[in-house]
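The values are calculated or read from the model by the stated rules, or taken from the named source; none is laboratory data. Bear in mind the structure is a predicted one, so any value in this text is a computation, not a measurement. Cβ placement follows ideal geometry from the backbone for every residue including glycine, while neighbour counts extend to all protein chains displayed. Remember, those area values only see protein heavy atoms, side chains included, never the ligands or the DNA or RNA. Shrake-Rupley method; radii C 1.70, N 1.55, O 1.52, S 1.80 Å.
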Amino acid sequence: MHLIANGGMVSLNMSNTMDAIMLTKYINYVEGVKLDVYKTIDNIFVLSDNDDLSIHTLSKKIISNSFYNEVKNTKFPSHIFKYFIPTLEDILKYYVSDKKIFLELHFKDNISELYKILTKYPYEYTIINKNNDYIYCDDPKDIDLSDITNQYIITRYPEKFYQKELISTKND
C-alpha cells in the first residue's frame, strides 16, 4: 500500500495550500502528494480543490475565468486568514523532497507550458487521468486493506490508513 496525500495533510490545514502540502515532506508513511491544478486566463497554474472559489473561500471568482492577480490573494474563511491560493511553481520551488507528485489537471490546453515548468524541478511526476487505477478513499473502513499490496491509495487522511495498518500489523 502506497499512501498519497490528497491535497496534502488536511487534518489541520486547508487542502492544496502551502502548509498542507509542505507537511507531507515530513511524514514518513506518506509517499507523495496529489495536487489539483487549474489554469487562469493568463496561463498561471494554481492549486485549488475547485475551479469555483466560492465553494471554499470568500471569493466568487472562477479560476479558469480569472486572471492570476484576481485570485492570488483569495482568502479562506479561517479566523486568521492564513491560507491563500498557491501557484504550482511556488510549491515546486519549496517542496524539495524525494516524494512523488501526482497532478490532476483540470484543463486541456497549454500542456506544453506546464511541462516547461515541470522540467525545471526534478521530481517524480505522475499525471492523473481517468484511466489510472488508483484507489480514492478517505476512510480505511470502506476498503479491505488486506487485498491491497502495491497500489496507490489517494486519501485526504493518510494518518487513518497508517493507524489502521499499525493496528492490523500488531494483531497479526
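Quick look at the values:
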quantity: Count of the range 108-159 residues which are over 20 Å from Asp90 (Cβ atoms), assigned to a helix (DSSP H, G or I) and open to solvent by 60 Å² or more (accessible area, probe 1.4 Å); calculated: 5
quantity: Residue ranges of strands (runs of 3 or more DSSP E) in the range 1-48 with at least 2 members open to solvent by 20 Å² or more (accessible area, probe 1.4 Å) and either touching a strand residue (DSSP E or B) at 6+ places or on another chain (Cβ under 9 Å) or under 19 Å from Tyr152 (Cβ atoms) (or both); calculated: 30-39
quantity: Positions within the range 115-144 being modelled with pLDDT under 90 and either on the phi > 0 side of the Ramachandran plot or among the acidic types (Asp, Glu) (or both), in sequence order; calculated: Asp133, Asp138, Asp139, Asp142, Asp144
quantity: Unique match (being within 20 Å of Glu104 (Cβ to Cβ), over 15 Å from the mean Cα position of the chain (by Cα), open to solvent by 30 Å² or more (accessible area, probe 1.4 Å) and not acidic (Asp, Glu)) among Ser54, Ser64; calculated: Ser64
quantity: Candidates Leu92, Leu103, filtered to the one that is modelled with pLDDT of 85 or more, surrounded by 14 or more Cβ atoms within 10 Å (Cβ to Cβ) and not in a helix (DSSP H, G or I); calculated: Leu103
quantity: Hey, Asn28 of a type outside the set (D, E, K, R) and more than 23 Å from Tyr136 (Cα to Cα) or not; calculated: no
quantity: Count of the range 16-51 residues which are under 21 Å from Val96 (Cβ atoms) and polar (S, T, N, Q); calculated: 4
quantity: Failed item, numbered, when Asn69 is tested on (1) surrounded by fewer than 16 Cβ atoms within 10 Å (Cβ to Cβ); (2) in a strand (DSSP E or B); calculated: (2)
